Structure formats: structure tokens, C-alpha cells
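First comes the structure, then the notes that go with it.
The values are calculated or read from the model by the stated rules, or taken from the named source; none is laboratory data. Here the structure is a predicted model, which means the values were calculated and not measured. Every residue, glycine as well, gets a Cβ built from its backbone with ideal geometry; the counts of neighbours run over all protein chains shown.
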Amino acid sequence: MQKTIVIRGVLLISFAIVLGAFLAHTLRDSFTPDQMKSFETGVKYQFYSGFFLLILGLNKSKFNFPIKRVGNIFFIGGCLFSFSIYLLNLFPDSSFTRVLGPITPAGGTLMIVALILFVFKLLKTHQG
């Protein structure tokens, strides 16, 4: 087991539950339907990130390569993606919206890079 990756996965899942509940019970009346959908996307991808990290960390012994880099890149990407979406929807008229806009696709790109790296390492070490 890779303890740090597991802890990060559990934290992402826990915060996704809290933020999903916050959306459903507190923000529902103050968000537009588009904001609701966008915020839900952030929560959904935060869950995906948490589950991937949890599975990755719990199965460390099954891989013939270090998983720390994949876990770190995926964690950073998942956080950038989801939390930038939350901030964009919570503060839509803020001056830092221009800064946050590009962060969302950068986070998504990091998640994709981590998954490609993971597959590459799997293919490289499990040939035969």
C-alpha cells in the first residue's frame, strides 16, 4: 500500500461528498442551471480522482514500477481541475476568473498525462 496516495484519494472523496452536499443543500437556490451542472462536473471528477488514487495506492504491490509520480501528477491535476471549477462558479464575476479559466483544462491535461504515463509503465513492465 502507498499510504500517501491512499490518504489523498480518501481526502478527495471526502471533500467531494461535502461539496456535493453543499451544492445540493446550500447553493441550489443561488446557482443557475449551468452553474449547477458545472459544479456537479467538478464534484464528479473529484470523485473519479479520489477513486483512482485509492485503487492505485491500495494496489501498489501489484505494480513492478513506482506509482508515486503517477499518483502525484493525477492528484495535482484532479485538484486543479475540480477546485478551479468550484471557484469559477462560486465567484463568477471575480477579477481572478481570467486566471482560473485556463487552470481547469491544465488540470484535466495533467490527469490525462498521468493516465498515459501509467499505461506506458504498465506496457513497459508487463511485456510478455
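Here are a few things to note about the model shown:
Residue by residue, here is whether (1) under 15 Å from the mean Cα position of the chain (by Cα); (2) assigned to a loop (DSSP other than H, G, I, E, B); (3) on the phi > 0 side of the Ramachandran plot; (4) of a type in the set (D, E, K, R) holds:
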| residue | (1), (2), (3), (4) |
| --- | --- |
| His25 | no, no, no, no |
| Lys37 | no, no, no, yes |
| Thr41 | yes, no, no, no |
| Phe52 | yes, no, no, no |
| Ile73 | yes, no, no, no |
| Ile76 | yes, no, no, no |
| Ser82 | yes, no, no, no |
| Gly107 | yes, no, no, no |
| Leu115 | yes, no, no, no |
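- Segment 16-30, residues that are surrounded by fewer than 18 Cβ atoms within 10 Å (Cβ to Cβ) and in contact with a helix residue (DSSP H, G or I) (Cβ under 8 Å, 6 or more places away or on another chain): Gly20, Leu27, Arg28
- For Ser95, the stated conditions do not hold, so it cannot be described as assigned to a helix (DSSP H, G or I) and small (Gly, Ala, Ser).
- Scan segment 66-123 for residues that are touching a Phe, Trp or Tyr at 6+ places or on another chain (Cβ under 8 Å) and charged (D, E, K, R) and the total you get is 1.
Conditions tested, residue by residue: (1) closer than 20 Å to Gln2 by Cα; (2) touching a Ser or Thr at 6+ places or on another chain (Cβ under 8 Å).
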site: Ile55; (1), (2): yes, no
site: Ser61; (1), (2): yes, no
site: Val70; (1), (2): yes, no
site: Ile73; (1), (2): yes, no
site: Ser84; (1), (2): no, yes
site: Asn89; (1), (2): no, yes
site: Thr97; (1), (2): no, no
site: Ile103; (1), (2): no, yes
site: Thr109; (1), (2): no, no
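- Each residue in segment 80-128 was checked for being of a type in the set (Gly, Ala, Ser), over 30 Å from Asn64 (Cβ atoms) and touching a Leu at 6+ places or on another chain (Cβ under 9 Å), and 5 of them qualify.
- Pairing each residue of segment 1-23 that is within 12 Å of Lys44 (Cα to Cα) and at pLDDT 95 or above with any residue that is aromatic (Phe, Trp, Tyr) and surrounded by 15 or more Cβ atoms within 10 Å (Cβ to Cβ), provided the two are 6+ apart or on different chains, yields C-beta distances under 6 Å for Ala16/Phe47.
- Scanning segment 84-105 for residues that are of a type in the set (S, T, N, Q) and over 12 Å from the mean Cα position of the chain (by Cα) yields Asn89, Ser94, Ser95, Thr97.
- The set of residues in segment 49-64 being surrounded by fewer than 16 Cβ atoms within 10 Å (Cβ to Cβ) and of a type outside the set (Gly, Ala, Ser) consists of Phe51, Ile55, Leu58, Asn59, Lys62, Asn64.
- Within segment 78-128, restricting attention to residues that are without any contact (Cβ under 8 Å) to a residue 12 or more places away in the chain and aromatic (Phe, Trp, Tyr), the residue that is farthest from Pro33 (Cα to Cα) is Phe120.
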